[in-house]
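Okay, so here's the structure we're looking at.
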Amino acid sequence: MFTGIVERVCRIVEVSPIDGGKRLRVASEAISSVSGDLTPWHDLAIGESISVDGVCLTLVESSDFLAFDVVEESLRRTCLGDRQPGDPVNLERALRLGDRLGGHYVTGHIDTLGRIQSIEGQQETIWMVEHDRSASFRTVEKGSVTVDGVSLTVVQSHADAFSVALIPHTLEVTTFATKQVGDAVNLEMDHFGRWVQNLSEERRGISP
């Protein structure tokens with residue numbers, strides 16, 4: 001479980017094939033950090049969960065780099081299949097009991113891919129993100145959404161798109177400053193919204 005508050009941004013240093021997927025190696029030293037600390041994490045444990053651009057992955061190596069094995073299903077359903085050496089990624093360690101919940105509950109299970117349709121503004125940057133209308137993914141105005149692992153508030157919601165507002169701080173401490181119109185992004189709908197949606201669909205299915 002995560003909160004959608006990105007802790008640091010690091011660069012991918014290597015992408016190598018493995019049986020059933022790829023291994024991503026990410027530099028342990030950050031290029032930006034919400035705390036300002038760019039040094040490697042020193043208390044990582046092999047097997048712990050880390051959100052990489054919103055995808056919950058298991059840490060399999062930790063030294064001068066952080067290594068994650070990504071299976072074919074995740075490569076196909078997320079943007080990680082397109083990531084190359086040199087690309088920055090958003091990282092967040094799993095939530096611990098007692099931690100502050102600065103964003104919202106995020107599972108790290110991507111619902112669908114989105115694509116940045118437009119980028120407007122300067123002091124407050126507005127993204128319009130389009131997504132597959134047929135996917136089991138919904139947003140509501142003023143509700144929460146996770147974009148590449150970042151917890152954001154929906155400004156406007158449509159059947160196949162939504163908009164979010166990005167303050168300068170968010171652009172500084174995430175990969176978002178590098179994004180351009182047409183870029184694909186990982187999307188996860190609000191966890192509680194998914195339960196409401198499932199219950200509503202189940203009720204409609206049994207009603208006369």
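Read-outs: derived from the displayed coordinates by stated rules, not from any lab. Just so we're clear, the structure is a prediction, and the values are computed from it rather than from any experiment. Counting neighbours? That spans all protein chains shown, and the Cβs are built from the backbone with ideal geometry, glycine included.
Roughly how big is the chain's charge dipole about its Cα centre, with Cβ charges of +1 (Lys, Arg) and -1 (Asp, Glu), in debye to the nearest 20?
Numbers: 19 positive and 31 negative charges, 87 e Å.
I would put it at about 420 debye.
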Handout entry: Residue of Thr175, Thr153, Thr125 that the Gaussian network model of the chain assigns the largest fluctuation, springs spanning Cα pairs under 10 Å
Key = Thr125
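In percent, what relative contact order does region 112-203 have, based on Cα pairs under 8 Å that are 6 or more apart in sequence?
Numbers: 164 pairs, mean separation 31.1, N = 92.
It rounds to 34 percent for region 112-203.
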Practice task
Round to the nearest 10 and give me the degree value, 0 to 90, for the angle of helix 191-206's Cα axis relative to the longest principal axis of the chain.
Solution key: 40
Problem - Given charges at Cβ of Lys, Arg, Asp, Glu: the chain dipole, positive-most of Thr107, Gly54, Ala184 - result: Thr107
Completion exercise
From the Cα centre of region 14-67 to that of region 153-177, the distance in Å is 24
Exercise for the section: Note down the relative contact order for the chain as a percent, whole number, built from C-alpha pairs under 8 angstrom at least six residues apart. Expected result: 23
Exercise for the section: Please order Arg96, Arg8, Arg133, Arg83 by the number of other Cβ within 10 Å, starting at the fewest. Expected result: Arg96, Arg133, Arg83, Arg8
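Counting Lys and Arg as +1 and Asp and Glu as -1, each charge on the Cβ, what is the dipole of region 8-93 about the Cα centre in debye, to the nearest 20?
On the way: 9 positive and 15 negative charges, 40 e Å.
The dipole magnitude comes to about 200 debye.
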Fill in the blank from the handout: Per the 1/(1 + (r/R0)^6) rule, R0 = 35 Å and r from the Cβ atoms of Arg133 and Ser16, FRET efficiency to 0.05 is 0.45
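Only counting other Cβ atoms within 10 Å, I'd like Lys179, Lys142 sorted with the fewest neighbours first. Mind dumping the intermediate values first?
Values: Lys179 19, Lys142 10.
In increasing order of surrounding Cβ atoms, one gets Lys142, Lys179.
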